[in-house]
1. Dividing the convex hull volume of the alpha carbon atoms of the range 138-184 by its residue count, what do you get in Å³ per residue?
2. Given a 1.4 angstrom probe, I'd like the percentage of the accessible area of the range 187-231 that is carbon and sulfur, rounded to a whole number.
3. Starting from the Cα of residue 64, step 7 Å along the direction of its Cβ; do the same at residue 32; then give the gap between the two resulting points in nm.
4. Over the chain, what is the mean sequence separation of C-alpha contacts under 8 Å (at least six apart), divided by residue count, expressed as relative contact order in percent?
5. Write down Rg/Rh for the range 216-311, rounded to two decimals, with Rg from the C-alpha atoms and Rh from the Kirkwood relation over Cα pairs.
6. Could you rank 219, 45, 176 by how accessible they are, 1.4 Å probe, largest area first?
7. Counting only GluC sites (Glu not before Pro) that are in a DSSP loop and have at most 13 other C-beta atoms within 10 Å, tell me the longest site-free stretch of the chain.
8. Could you work out the relative contact order of the range 194-295, using alpha carbon pairs under 8 angstrom and six or more residues apart, expressed as a whole percent?
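The values are calculated or read from the model by the stated rules, or taken from the named source; none is laboratory data. Nothing here was measured: the structure is a model prediction, and the numbers come from that model. Quick reminder, even Gly has a Cβ in these numbers, built from the backbone with ideal geometry, and neighbours come from all protein chains shown. To get the accessible areas, we keep the full protein, side chains included, count just its heavy atoms, and leave off ligands, DNA and RNA. Shrake-Rupley method; radii C 1.70, N 1.55, O 1.52, S 1.80 Å.
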Amino acid sequence: LTKLSFEDLKELYWKNENKSADQFPYANAYLNKAKNENKPVERARGYFLLSLLSDNEKAIVYLDSAVFYTKNLSDPKFPAFAYSGKGHIYKKQFKYKEAVDNFLTAENLAEKNNPDLYYETKFTIAALKSEELGEVEEALVLYKQCFKYYKDKNVRSMIYSYPYQLVLFGLADAYRALRISDSATYYNKKGFIETKATNNRSLNALFTLNEGANLVFRRKFTEALDSINKALPHVILYNDKGNTLAAYYYTAKAYAGLNNTRKAVRYFIKVDSLYTISKRITPEFMSGYPYLISYFKNTNDKVNQLKYVTKYMHIDSILQHNYKELTKKLQIEYDTPNLMQEKENLIASLRKNNTQSYWSIAFLIFNVLVTAG
């Protein structure tokens, strides 16, 4: 394989995308060829290709090697690509400080000689700020800078269509989060048209879903459900757990707005079930827990009330650890001291009424913590 050109090896690597066992020989050959020919940039690219096939810590080792062999070069792609790759890995691990540090390094390197990578990295930082840290206004400034860059490009070409559509979605989502609904609708429609034109079905579904969420804020609940129901099958098809959770959440909010408590509870429970599987949730989707707690309190179902109080407190503690700051919405809806007192009252009440034994209660809490953790 090392007798093939770097271009041929790279082409064969990407032809086998999503088949890591088939990709590995080409990545390994690429690295060995680069070592033999003493080409540091190609060596870095070999390490980068191997990092894409590796688990988190091993991938970091490969990317650190890519940085090492190109740190003193002025190549347009390396070591900027390696730093960006590290940022994505740290983001998945909830190590947001390390992620931001690496993204900023990649952005600074790319600013000198790779404007496309510079704005791709800027978008990544904006998305992290908006979706993971709740810093939507700060993210909006970055999204606007990216939009200004891409709008003058050939936005339906293979090179620019996808990053441009991502920026449109970032703008739409940020305006929705800030409750500037007219602007959210404008960018959702613009994104819908662009994704239709380029046959990007996965992103097309997200613009439809995002407009559904926007309609919930505008209290157009029936229209919201129509949009969400159109998007949901596609989101599930693409195995997008984060946006499936969002679809369930806004379906629940729409039913709550229509005073259909039974269906609202059902979909808020779906949100919790998906969180239990994925272990990912953001402050935006947390208000379902106070709704469930209140519902089970009103129906005098103390076991389920305790279950969701415990679950809510556990997730709250994780969010406080992982996120720079909790949104004020969380603190307003259900402050932790009140939750603690409610939990103690529920345990005392369940003991007194002998509806559950002490050990059953402990087992319930343990199960909630295990599935949540």
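1. Values: hull volume 2.9 nm³, N = 47.
So the per-residue hull volume is 63 Å³.
2. Values: 980 of 2100 Å².
Carbon plus sulfur share of accessible area: 47 percent.
3. Between residue 64 and residue 32, the label points sit 2.5 nm apart.
4. For the chain, the relative contact order is 8 percent.
5. Working: Rg = 13.3 Å, Rh = 13.7 Å.
Expressed as Rg/Rh, it is 0.97.
6. Details: 219 165, 45 35, 176 10 Å².
Most to least solvent-accessible, the answer reads 219, 45, 176.
7. Details: sites that count: 17, 37, 325.
Between exposed loop sites, the widest span is 38-324.
8. Details: 109 pairs, mean separation 21.7, N = 102.
Averaging sequence separation for qualifying contacts and normalising by length gives 21 percent for the range 194-295.
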